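Asker: Following this message is one structure expressed as structure tokens.
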Amino acid sequence: MRLLCDLAEFIGPEYFLLYVLVASRSQVECGRYESPPLELVDVQIFVERFRDLLTNDARHELWIGSTNDTGLLVYDHHGIIYAYGPLEDFEPSLVLRGLKPGGFEIPAPHTHHFHGEYDEIVDQLVAQWEWRRTDLQPGDGG
């Protein structure tokens, strides 16, 4: 999550979050939840507040985008970050963490877990702002 926020610094100054809920275990409806415009500090606070849910449960994806189309970061349900935009700015941050170009594989078969202890936290996440909800799109959640 720290890497996600560090990369977000390169695509600001104004952001939006897209929380893509693909499996619900509560009254929260599946769909795409788009935040109002945010500053970087708002993104950082949100990611830190919901860090455990975002990293330990596979019912969702989180997108961080710039409102001016500078870039987009997608944290998917496998824990993979897809970065679009100023790749030349992203690369030094990745290298400093010991990451390097190369391929990766998602194990097959594999499972995804939706943990009951996070159900209430999903409710809190959706109550965080007045999100704009739209239906899921083909390809959401894998």
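All of the numbers you see were taken from the coordinates with simple rules; none came from a lab. As the structure is a computational prediction, the values presented were derived from the model and not from experiment. Cβ sites come from the backbone with ideal geometry, for glycine too, and all protein chains shown count toward neighbours.
Asker: Given contacts defined as C-alpha pairs under 8 Å and at least six residues apart, what's the relative contact order of region 8-52, whole-number percent?
Answerer: Working: 45 pairs, mean separation 18.2, N = 45.
This gives 40 percent for region 8-52.
Asker: At q = 0.09 Å⁻¹, what log₁₀ I(q)/I(0) does the chain have when each alpha carbon counts as one equal point scatterer in the Debye sum?
Answerer: Listed by q, the Debye log ratios stand at -0.27.
Asker: Can you give the relative contact order of the chain as a percent, counting alpha carbon pairs under 8 Å and 6+ residues apart?
Answerer: Values: 227 pairs, mean separation 46.7, N = 142.
Across the chain, relative contact order equals 33 percent.
Asker: Distance from the Cα centre of region 72-142 to that of region 30-68, in angstrom?
Answerer: Using only Cα atoms, the two centres lie 9 Å from each other.
Asker: Still on this structure, please answer the following. Please find, in a Gaussian network model of the chain (springs between Cα atoms separated by less than 10 Å), the residue of ARG132, ARG32, ARG59 whose mean-square fluctuation is greatest.
Answerer: Result: ARG132 has the largest fluctuation of those listed.
Asker: What list of ³J(HN,Hα) couplings, whole Hz, do you get for region 89-96 from phi and the Karplus terms 6.51, -1.76, 1.60, once you set θ to phi - 60° and write x for glycine and proline?
Answerer: 7, 5, 4, x, 5, 6, 5, 4
Asker: Quick check: net charge around PRO36, other residues with Cβ under 14 Å of its Cβ, Lys/Arg +1 and Asp/Glu -1?
Answerer: Numbers: positive: ARG132, ARG133; negative: GLU14, GLU34, GLU39, ASP42, GLU130.
Result for the local shell: -3.
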